[in-house]
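The values are calculated or read from the model by the stated rules, or taken from the named source; none is laboratory data. Just so we're clear, the structure is a prediction, and the values are computed from it rather than from any experiment. Note: ideal-geometry Cβ built from the backbone for every residue, glycine included; neighbour counts use all protein chains shown. Accessible surface areas use protein heavy atoms only, side chains included; no ligands, DNA or RNA. Shrake-Rupley method; radii C 1.70, N 1.55, O 1.52, S 1.80 Å.
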Amino acid sequence: MTREEVFEKIREISADRLGIDESEITPESSFREDLEADSLDLVELIMELEEQFGMEIPDEEAEKITTVEEAVDYVMENQPA
Amino acid sequence: MNGRAAGRIVGVGRALGGRVVTNRDLETVLDTSDEWISTRTGIRERRFVTDGQDTVTLAVEASRKALAHAGVPGESVDLVVCATSTGPASMPSVACLIGEAVGAVGVGALDVAAACAGFSYAAAVASSMLESGVARRALVVGADAMTAIVDQRDRSTAVLFGDGAGAVVLDSGDESSGFVDHILGADGRMAPLGYAGHPGNGDKLYQNGREVFKFAVRIFPEMVEKLLARNGISLEEVQYIIPHQANARIIQAAMRKLDVPEEKVVINVDRFGNTSAASIPISYPDIYESLEPGRYVITVGFGFGLTWAANLYRI
């Protein structure tokens, strides 16, 4: 998947899960501050990313993901071959 | 699977801690807020035991109500199964004391310890006994006074739990209505994710909330899908899903995954909090009169251990 495709997918998942419009989500958006996700939303988002991209995201890595761009970076670096 | 049904529910009852504790009440004693608790958990109030109440008294009260509702005497019960993790003593079992109180003596009585999955385990045990003919009428109880094992000063857990008991009377029935399938599971490798000592023990309840949440959100829909698939039943044929009431957010996440309409899912965590093994049987009195013969009820439990269990019941 290209970086653009990964971003689109994460934007779609985030909008759906957080009940917001996709247009409100940019790479710079912070899940907690801009998108108003709480701790359980983040756990669910990470689970959704794991499912959609076929990967396991360890907790210590998940905690470092605070923005949409960081989520894209993580997926790009860890995509299954 | 989906063969003879065993263990028809003929009476239901519940008992709750005598003190209603709202989120606002907790705000005054803990560094927490109504907003935080209700958005993270869906809980608005819970019941705590008052003087003289404990797991046993709640279990007995719920049992008496279920027997009265069924219109049968306690003496006619030949098996008592109680799911609990908060019995006041290691011995005797809560089930023995329930039997004594309702007049079911000289018959089988045992406790089942499977944490919040306890009632689903107990229902599987009892209905299997009825199916085999070992018993003909079972009293199945889920009872937990969680305040006995929760640290009331720990804001991460104190807000979550409540005290209650629910009971059902199961008859052998005519094989048309009753439990038709069960799923039981446990994985002791995950034991460190949740712990609580016995009542009176200083080691109070601890959980890795994040991991337990992930586990619950995964296992709940998985069990429902498995029961439907292996019994050839569609979601439309299911009238109610009664999940363990741990947290409304777990229930909502599972519902999204299953694509279940809201009216099919029984939710009372807002009123009672997490009452552990009691949370499923506590739900029956609210839906019993509306049950439609021929349709199904799925009960889903998950808890420390980790344990999980689900039951498919034909109404």
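The table that follows gives values for the structure above.
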read-out: For the protein assembly as shown, the spread of Cα positions along each principal axis, largest first, Å; value: 70, 50, 36
read-out: Heavy-atom accessible area per residue - the stretch B:105-184, 1.4 Å, Å²; value: 33
read-out: The stretch A:3-78 - percent of accessible surface contributed by carbon and sulfur, probe 1.4 Å; value: 40
read-out: Cleavage-rule hits (chymotrypsin sites (Phe, Trp or Tyr not before Pro)) in chain A: DSSP loop, at most 11 neighbouring Cβ within 10 angstrom; value: none
read-out: Inter-part distance where the stretch B:171-249 and the stretch B:110-141 are each reduced to a Cα centre, Å; value: 15
read-out: Cα-only Debye scattering, the stretch B:70-190: base-10 log of I(q)/I(0) at q = 0.16, 0.17, 0.21 Å⁻¹; value: -0.80, -0.88, -1.19
read-out: Buried accessible area, chains A and B (both chains, 1.4 Å probe, Å² to nearest 100); value: 1200
read-out: Residue (of B:Ser38, B:Val112, B:Pro92) at the positive-pole extreme of the stretch B:16-152, dipole from beta-carbon charges; value: B:Val112
read-out: Under-5 Å amide H pairs with B:Ala186, H placed in peptide plane, nonlocal only; value: B:Trp308
read-out: Residue of B:Asn201, B:Asn268, B:Asn23 that the Gaussian network model of chain B assigns the largest fluctuation, springs spanning Cα pairs under 10 Å; value: B:Asn201
read-out: Reduction of at least 30 Å² in accessible surface, 1.4 Å probe, comparing all protein chains with the chain by itself, residues of the stretch B:217-244; value: B:Arg218
read-out: For B:Asp181, distant residues with modelled amide H under 5 Å away; value: B:Leu312
read-out: Residue-wise HN-Hα coupling along the stretch A:61-74, computed from phi with Karplus coefficients 6.51, -1.76, 1.60 (Hz; x: Gly, Pro); value: 6, 4, 5, 7, 7, 10, 10, 4, 4, 5, 5, 4, 4, 4
read-out: Sorted peptide list for B:25-32, B:274-281, B:106-113, B:243-250, criterion being average Cβ within 10 angstrom, highest first; value: B:274-281, B:243-250, B:106-113, B:25-32
read-out: Value of relative contact order over chain B, rounded to a whole percent, pairs C-alpha under 8 Å and six or more apart; value: 27
read-out: Length-normalised contact order of the stretch B:7-139 in % [C-alpha pairs under 8 Å, at least 6 apart]; value: 26
read-out: Members of the stretch A:21-41 that become less accessible by 40 Å² or more once partner protein chains are added (1.4 angstrom probe, chain alone as reference); value: A:Asp38, A:Leu40
read-out: Size of electric dipole in the stretch A:3-78: Cβ of Lys, Arg +1 and of Asp, Glu -1, about Cα centre, debye, nearest 20; value: 80
read-out: Radius ratio Rg over Rh of the stretch B:196-273, counting only Cα atoms, Kirkwood formula for Rh; value: 1.07
read-out: Area of A:Met1 that stays accessible when all protein chains are in place (1.4 Å probe, Å², to 10); value: 110
read-out: Enclosed volume per residue, in Å³, of the convex hull spanned by Cα atoms of the stretch A:3-78; value: 77
read-out: Beta bridges per DSSP with both ends in chain B, % antiparallel, nearest 5; value: 70
read-out: Long pairs among B:Lys214/B:Lys257; A:Lys64/B:Lys214; B:Lys65/B:Lys226; B:Lys204/B:Lys226; A:Lys9/B:Lys214, criterion Cα-Cα beyond 25 Å; value: B:Lys65/B:Lys226; B:Lys204/B:Lys226
read-out: For B:Asn274, residues with placed amide H under 5 Å, excluding near neighbours; value: B:Phe161, B:Gly162
read-out: Value of relative contact order over chain A, rounded to a whole percent, pairs C-alpha under 8 Å and six or more apart; value: 38
read-out: ³J(HN,Hα), Karplus 6.51/-1.76/1.60, whole Hz, each residue of the stretch B:78-95, x for Gly, Pro; value: 10, 7, 10, 10, 10, 8, 7, 10, 10, x, x, 9, 5, 9, x, 6, 4, 4
read-out: ³J(HN,Hα), Karplus 6.51/-1.76/1.60, whole Hz, each residue of the stretch B:209-223, x for Gly, Pro; value: x, 4, 5, 5, 4, 4, 4, 5, 5, 7, 6, 4, x, 4, 5
read-out: Accessible area in square angstrom per residue, chain A, 1.4 angstrom probe; value: 55
read-out: Proportion of all alpha-carbon pairs of the stretch B:33-127 beyond 22 Å (%); value: 37
read-out: Relative intensity, log₁₀ I(q)/I(0), of chain B from a Debye sum that treats every alpha carbon as a point, q = 0.08, 0.10, 0.15 Å⁻¹; value: -0.31, -0.49, -1.16
read-out: Gap separating the Cα centres of the stretch A:7-81 and the stretch B:274-294, nearest whole Å; value: 37
read-out: Antiparallel content of DSSP bridges confined to the protein assembly as shown, in %, to 5; value: 70
